[in-house]
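First, the structure itself, so that you have it in front of you.
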Amino acid sequence: MLEIKNLSARIGDKEILRGVNLSVPDGEIHAIMGPNGAGKSTLSYVLSGREGYEVTGGEAIYNGQDILALTPEARAAAGIFLAFQYPVELPGVGNANFLRTALNAVRRARGEAELDAVAFLKLARTALKNLSMQDDMLKRNVNVGFSGGEKKRNEVLQMALLRPGLAILDETDSGLDIDALKIVAEGVNALRSPVFSALVITHYQRLLDYIVPDRVHVLAAGKIVRSGGPELALELEARGYAGLEAA
Amino acid sequence: MSTTVETRDTVEALSVEKYKYGFTTEIAMEEFPKGLNEEIVRLISAKKGEPDWLLAWRLKAFALWQKLEEPHWARVEHPPIAYDELYYYAAPAAPTPKSLDEVNPALLNMYEKLGIPLNERAALAGVAVDAVFDSVSVATTFRETLAKSGVIFCPISEAVREHPELVHKYLGSVVPYGDNYFAALNSAVFSDGSFVYIPKGVRCPMELSTYFRINARNTGQFERTLIIAEEGASVSYLEGCTAPMRDENQLHAAVVELVAMDEAKIKYSTVQNWYPGDADGKGGIYNFVTKRGACRGRNSKISWTQVETGSAITWKYPSCILQGDGSVGEFYSVAMTHNHQQADTGTKMIHIGKNTTSTIISKGISAGHSNNTYRGLVKIMPNASGARNYTQCDSLLIGDQCGAHTVPYIESRNASAKVEHEATTSKIAEDQLFYCRSRGLSEEDAVGLIVNGFCKDVLKELPMEFAVEAQKLLAVSLEGSVG
């Protein structure tokens, strides 16, 4: 269960989040929509602990723990995963090595046994197959020379392996064609369980045809201004975000 | 963020302990009086039972050294070295051992701590090891196996006695005694080192390895390594270096000479982890080394791979003289500096023969308050038609107090030569660190991963078992560098 209470944050002198209130119960997927500059990406970075974002008020509690006090790696160990809008390239770092290092770091933190290379490869190959990805994805350097779609699929692959309790998807649909979009959506849907929840940040209703959210929230000018069921996304698609700030 | 500061402080508190090779071994030592004069040179030569020609050579080197000036063109700074306060010979006070059973158990115990497979039964890795402790070579493993294929691998002091014609022919033929200040010093006082001879057509059946260890206080280490590969021969050789933690600086001035005849191949790898000094720059080894290989035969190849993480100051330029037509020189280097370390390192590729090629891949990583300089020379002589060189120098900066410098010299006297130089300087990006950490990696592990990725082109040139060691070393050497 993620509970965000009156969360405010800024970058430098610029106030971005101005009192966000949001609850995401376990087992649910919530969509966050909103116009450009509303603070959607900031919310995802604040929740995952990126430097440069100063929390000025409020709290974010995940499974009873105040996550805002934790390092990014401790949040990962607690089960939080951020799928990046712009996945980062790591030249010279093999994807398999990266994935296994990350998986073992998280497993270690959770008190689980680390996986050796053989066990890891078996697990990774299964995950790749489920995502219709080629095995050579493991041999390539992390995100280096990947197409936009490959980068996003690589994010979903990491998510599938790390098995987070809470996934935050930051505009994972941007730049994806319809086939890639379906694969990404299937990756998220495959994780659905009573102990998994997700915050799906998106600009467009399109992704929500494939990942059907339990709740939809509209973030505008740093606040949640409306919440509703999946039908709210359709309404926004039809009418746009104009006038929502005043609501 | 406060968490970062906390991580850094914790790691800095730990970093005093991080040089795990910093122990000393209590053992009775035989030392000559400190200071350097002709008498000491004669004593060293007599101790080794050397022939007259070698003593004469040492004395010429010593006479020249007294006239030479310490070089100061490198981008390093240090207080004057008190050459008269150093001991030039220190050895465990016992007769030279004939087999491993006769080696002092305290020494064997020390090499075990260092993880060196000195005991043959432990040497499953198939690595033959020569171990040099302060000034003398302590034991050489696998000698019988090697002897069957005609390979000679022994302390150079022994080679002087057993194979004088080979030593006489090649010693100083690549690095003359008057080559430079430190080479002259080494020629006068070198006390041991390794000797390798691979006869015609023989592929050395195993990796050869030497571990150098400075133990005694105030002792300089001046080892001399000579490797000869006859026509069609090949060998892969690795050296590793460690020293105890001491507050004063210690001098290490080695000379390495390689000779490759027609179609011969020599691969020389170094993992240098001398004590780098403490976080404030106190103590550490001055590593002033001359390494040079001569590709004398056609289509011969000499490849240098070095991972330099230790030493307070590193001053070394493993070089290739590409004399034989079609010969190949390679230099793959990772030089990492942290805290107050200084490195001025690179290579010289001298193209003399036709269609000679050289490749230089240099990766410099600077952290803390350190300074890291790549200095290289590519020289194409008039007859070297069709010569080619490719140079790539990449620098990675961690933090904003360190420096990276690239000083490439290119001299081409042949119009048909192709010389390429590429250089980049970058910082570890905040988004790369955050990406890794958001996947559960600690900040230190993230830096280690990114740095190892940066060095991959060089690390893949190392023999497999040492590549793993080098990766760990890079990560350990960077502890406390972020934040």
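In this structure, does B:THR424 turn out to be away from every other protein chain (no Cβ under 14 Å) and of a type in the set (Val, Ile, Thr)?
So B:THR424 does not fit the description; no.
To continue, here is another question. Out of curiosity, is A:GLY187 open to solvent by less than 80 Å² (accessible area, probe 1.4 Å) and within 21 Å of A:ASP26 (Cα to Cα)?
Criteria met by A:GLY187.
This table checks each residue for (1) part of a loop (DSSP other than H, G, I, E, B); (2) under 19 Å from the mean Cα position of the chain (by Cα); (3) free of Cβ contacts under 8 Å to residues at least 60 places away in the same chain; (4) buried (at least 16 other Cβ atoms within 10 Å of the Cβ).
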{"residue": "B:GLU420", "(1), (2), (3), (4)": "no, no, yes, no"}
{"residue": "B:PHE434", "(1), (2), (3), (4)": "no, no, yes, yes"}
{"residue": "B:GLY440", "(1), (2), (3), (4)": "yes, no, yes, yes"}
{"residue": "B:GLU444", "(1), (2), (3), (4)": "no, no, no, yes"}
{"residue": "B:ASN452", "(1), (2), (3), (4)": "no, no, yes, yes"}
{"residue": "B:GLU461", "(1), (2), (3), (4)": "yes, yes, no, yes"}
{"residue": "B:PHE466", "(1), (2), (3), (4)": "no, yes, no, yes"}
{"residue": "B:GLN471", "(1), (2), (3), (4)": "no, yes, yes, yes"}
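Additional query: Return the residues of the range A:1-45 that are in a strand (DSSP E or B) and either on the phi > 0 side of the Ramachandran plot or free of Cβ contacts under 8 Å to residues at least 40 places away in the same chain (or both); say none if nothing qualifies.
Within the range A:1-45, A:ASN6, A:LYS14, A:GLY19, A:SER23 meet the criteria.
Does the range A:50-58 contain at least one residue that is part of a strand (DSSP E or B), polar (S, T, N, Q) and within 18 Å of A:ARG10 (Cβ to Cβ)?
Yes: the range A:50-58 contains one or more residues that are part of a strand (DSSP E or B), polar (S, T, N, Q) and within 18 Å of A:ARG10 (Cβ to Cβ).
At pLDDT below 90 and open to solvent by less than 60 Å² (accessible area, probe 1.4 Å) - does that describe any residue in the range B:383-399?
yes
Inside the range A:24-56, can you point out the residues that are open to solvent by 20 Å² or more (accessible area, probe 1.4 Å) and in contact with a Leu (Cβ under 7 Å, 6 or more places away or on another chain)?
Hit for the range A:24-56 is A:VAL55, nothing else.
Can you name every residue in the range A:190-221 that is open to solvent by 20 Å² or more (accessible area, probe 1.4 Å) and either assigned to a helix (DSSP H, G or I) or touching a Cys at 6+ places or on another chain (Cβ under 6 Å) (or both)?
Passing the criteria: A:ALA190, A:ARG206, A:ASP209.
Within the range A:99-111, restricting attention to residues that are in contact (Cβ under 8 Å) with a residue 24 or more places away in the chain and facing another protein chain (nearest Cβ under 7 Å), which residue is nearest to A:VAL156 (Cα to Cα)?
The residue in question is A:ALA102.
What number of residues within the range B:39-70 are of a type outside the set (D, E, K, R), without any contact (Cβ under 8 Å) to a residue 40 or more places away in the chain and either under 20 Å from B:GLY193 (Cβ atoms) or open to solvent by 60 Å² or more (accessible area, probe 1.4 Å) (or both)?
Count: 5.
Test A:ARG107 against the stated conditions and say whether it is assigned to a helix (DSSP H, G or I) and touching a Phe, Trp or Tyr at 6+ places or on another chain (Cβ under 6 Å).
Criteria not met by A:ARG107.
Conditions tested, residue by residue: (1) modelled with pLDDT of 90 or more; (2) polar (S, T, N, Q); (3) under 17 Å from A:GLY79 (Cα atoms).
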position	(1), (2), (3)
A:VAL144	yes, no, no
A:GLU155	yes, no, yes
A:ARG163	yes, no, yes
A:GLU171	yes, no, no
A:SER174	no, yes, no
A:ASP179	no, no, no
A:LEU199	yes, no, yes
A:LEU208	yes, no, no
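Name every residue in the range A:134-162 that is aliphatic (A, V, I, L, M), touching an Asp or Glu at 6+ places or on another chain (Cβ under 8 Å) and surrounded by 18 or more Cβ atoms within 10 Å (Cβ to Cβ), in order of residue number.
A:MET137, A:VAL142 - these are the residues of the range A:134-162 that are aliphatic (A, V, I, L, M), touching an Asp or Glu at 6+ places or on another chain (Cβ under 8 Å) and surrounded by 18 or more Cβ atoms within 10 Å (Cβ to Cβ).
Which one of these is surrounded by 14 or more Cβ atoms within 10 Å (Cβ to Cβ) and not in a strand (DSSP E or B): A:LEU68, A:LEU82?
Testing whether each residue is surrounded by 14 or more Cβ atoms within 10 Å (Cβ to Cβ) and not in a strand (DSSP E or B) leaves just A:LEU68.
Taking the condition facing chain A (nearest Cβ under 8 Å), more than 26 Å from the chain's Cα centre (by Cα) and touching a residue at least 12 places away in the same chain (Cβ under 8 Å), does B:GLN401 pass?
For B:GLN401, the condition - facing chain A (nearest Cβ under 8 Å), more than 26 Å from the chain's Cα centre (by Cα) and touching a residue at least 12 places away in the same chain (Cβ under 8 Å) - is not met.
Quick check: is even one residue across the range A:46-61 more than 11 Å from every other protein chain (Cβ to nearest Cβ), free of Cβ contacts under 8 Å to residues at least 40 places away in the same chain and either over 13 Å from A:ILE201 (Cα atoms) or in contact with a His (Cβ under 7 Å, 6 or more places away or on another chain) (or both)?
Yes, the range A:46-61 has at least one match.
Among the residues of the range B:428-482, which ones are more than 8 Å from chain A (Cβ to nearest Cβ) and in contact with a Gly (Cβ under 7 Å, 6 or more places away or on another chain)?
If the condition is that a residue be more than 8 Å from chain A (Cβ to nearest Cβ) and in contact with a Gly (Cβ under 7 Å, 6 or more places away or on another chain), then B:LEU474, B:ALA475, B:LEU478, B:SER481 are the ones that fit.
The values are calculated or read from the model by the stated rules, or taken from the named source; none is laboratory data. Note that the structure is predicted; figures quoted are calculated from it, not measured. Here the Cβ is made from the backbone with ideal geometry for all residues, glycine too, and neighbour counts use every protein chain on show. Only protein heavy atoms, including side chains, enter the accessible area calculation; ligands, DNA and RNA are left aside. Shrake-Rupley method; radii C 1.70, N 1.55, O 1.52, S 1.80 Å.
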